[in-house]
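Asks: I am attaching a structure below and will ask some questions about it afterwards.
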């Protein structure tokens, strides 16, 4: 491992900032990240500041607006996007709902999804179908994991009335990264489209793990959360809306944070930027918690450096698992990001193995489609933890 991974003392010092890492080998960042101590402190201090100075006082209200602006700036920096394009939400699902419900749907319009989307997004699509009599279809992206062209698959399933394509940038079940910029170009150049085809990316697994420049990708809507790969607190996420798509996406849930006011306090219109989709009072101290988490990562390295380290570690895990007789990794080539999905070939239940591993201090999760176990590594995962996990899987082959 010498020369491949950072010096042990350096990463050990950095890991001390994450209390959850002290007593377990954590491999579930795709479900929820481990909160750094700086985030816990920032959240507590913010609550104390608000109470000391008086909730809803003039000074605190002005300070909270500054907190929102600072949080949008921190997120925008990580996404390579303009601050004005960021909407603060509670999580990725809320961001997806803003984009999916905000489109001016007409009966007969078409929404295209991939077969690797999260149940929350799928359920939203079918409720849109029920209410607006639109057509919803699914294209087979799962089959392109190891061969095939996802761009061609999506292009083949576009229709003349396709209004929105919903896909995940980094697939939550297999770890495949979809070539988002190429997919956007294919949708923009769709020859029979009656109107521009909009693209919504579910960024639950990509934000905080991939180096991003959203304007270069060209995606219209990018919904993300802060509690997974950013390792921020649950309850704070966001939505990027491409400036050219802003006026085509109408607010659905509406409140004082998203509107402008007249002289008598009457609503006069929408905020001119992504704030138009924000609604009302939020758990504002979480904003400081997310900024502290982002700052913790930035202190270790750039998004590109963190991503490169994630890929080194995920490849190491993939190679070690691939050497086990009773394990089949879904990808036949090294992972493109921090998700490593695998199956047992000995017929043992995946859930039982994960539960047994948790009793030994290894936290992973199971997925149902495809039926597999998913292990997630972050840039601060230790190679020794990977060795121990693989040894545990090997040793338990006859126990479950």
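Computed from the coordinates by the stated procedures, all read-outs in this text should not be read as laboratory data. Computed from a predicted structure; not experimentally measured. So basically every Cβ, Gly included, is an ideal-geometry build from the backbone, and we count neighbours across all protein chains shown.
Asks: Between the stretch 241-301 and the stretch 325-400, how far is it from one alpha carbon centroid to the other, in angstrom?
Replies: Cα centroid of the stretch 241-301 versus Cα centroid of the stretch 325-400: 39 Å apart.
Asks: Along each of its three principal axes, how wide is the spread of alpha-carbon positions in the stretch 193-267, in whole angstrom units, largest first?
Replies: Here the spans come out as 46, 41, 18 Å, largest first.
Asks: In a Gaussian network model over the chain where Cα atoms closer than 10 Å are linked, find which of 168, 209, 282 has the largest mean-square fluctuation.
Replies: Of 168, 209, 282, the Gaussian network model singles out 282 as fluctuating most.
Asks: Only Cα pairs within less than 10 Å get springs; with that Gaussian network setup on the chain, which residue of 155, 201, 22 has the largest fluctuation?
Replies: Highest fluctuation of the listed residues: 22.
Asks: Based only on Cα atoms, what Rg/Rh ratio does the stretch 1-135 have, Rh being taken as Kirkwood's radius?
Replies: Numbers: Rg = 21.3 Å, Rh = 19.5 Å.
Computed over Cα atoms, the ratio is 1.09.
Asks: While we're on this one: Quickly work out the residue 395-to-residue 57 label distance, labels modelled 7 Å from Cα along the C-beta direction, and quote it in nm with one decimal.
Replies: Output for this residue pair reads 5.7 nm.
Asks: Have a look at 303, 272, 211 and tell me which one the Gaussian network model of the chain (Cα, springs below 10 Å) gives the largest fluctuation.
Replies: 272
Asks: With labels modelled as points extended 7 Å from the Cα through the Cβ direction, what inter-label distance (nm, one decimal) is found for residue 248 paired with residue 384?
Replies: Rounded to a tenth, the inter-label distance reads 5.3 nm.
Asks: Does the stretch 145-187 come out rounded, prolate or oblate, given a ≥ b ≥ c as the square roots of the eigenvalues of its C-alpha gyration tensor, rounded meaning a/c under 1.5 and, failing that, prolate meaning a/b above b/c? Show your work: numbers first, answer last.
Replies: On the way: a/c = 2.06, a/b = 1.67, b/c = 1.23.
Judged from the Cα gyration tensor, the stretch 145-187 comes out prolate (a/c at least 1.5, a/b above b/c).
Asks: So, one more: Over all directions, what mean area does the Cα convex hull of the stretch 81-166 project, stated in square nanometres?
Replies: Mean projected area of the Cα convex hull: 6.9 nm².
Asks: Can you put 29, 5 in order, fewest other beta carbons within 10 Å first?
Replies: Details: 29 27, 5 17.
Least to most surrounded, the residues fall as 5, 29.
Asks: What FRET efficiency, computed as 1/(1 + (r/R0)^6) with R0 = 35 Å and r the Cβ-Cβ distance, is obtained for residue 195 and residue 304, rounded to the nearest 0.05? Write out the running numbers ahead of the final one.
Replies: On the way: r = 36 Å, r/R0 = 1.03.
With a Förster radius of 35 Å, E is 0.45.
Asks: Based solely on C-alpha atoms, express the radius of gyration and the Dmax of the chain in angstrom.
Replies: Calculated on Cα positions, Rg and Dmax stand at 21.9, 74 Å.
Asks: Compute the length gained on full extension between residue 107 and residue 41: take 0.36 nm times their separation in residues and subtract their Cα-Cα distance, giving the result in nm to one decimal. Write down the numbers at each step before the final one.
Replies: Details: separation 66, 0.36 × 66 = 23.76 nm, distance 5.03 nm.
Gain in length upon complete extension: 18.7 nm.
Asks: How would you rank 158, 200, going from fewest to most other Cβ atoms within 10 Å of each one's own Cβ? Don't jump to the answer; show the numbers that get you there.
Replies: On the way: 158 20, 200 27.
Fewest to most other Cβ atoms nearby, the residues stand as 158, 200.
Asks: What distance in nm lies between label points placed 7 Å from Cα along the C-beta direction at residue 328 and residue 147?
Replies: My value for the distance between the label points is 1.5 nm.
Asks: Another question about this same structure. May I ask you to sort 153, 340, 393 by Cβ crowding, counting other Cβ atoms within 10 Å and putting the fewest first? Could you put the intermediate results ahead of the total?
Replies: Values: 153 17, 340 30, 393 23.
Taking fewest neighbouring Cβ atoms as first place, the list is 153, 393, 340.
Asks: Along the Cα-to-Cβ line of residue 66, 7 Å from the Cα, sits a label point; which residues in the stretch 276-296 have backbone N less than 15 Å from it?
Replies: From the stretch 276-296, the list is 288.
Asks: Mind pulling up the Rg/Rh value for the stretch 133-275? Radius of gyration and Kirkwood radius, both on Cα. Could the numbers behind the result be given before it?
Replies: Working: Rg = 17.3 Å, Rh = 17.0 Å.
Expressed as Rg/Rh, it is 1.02.
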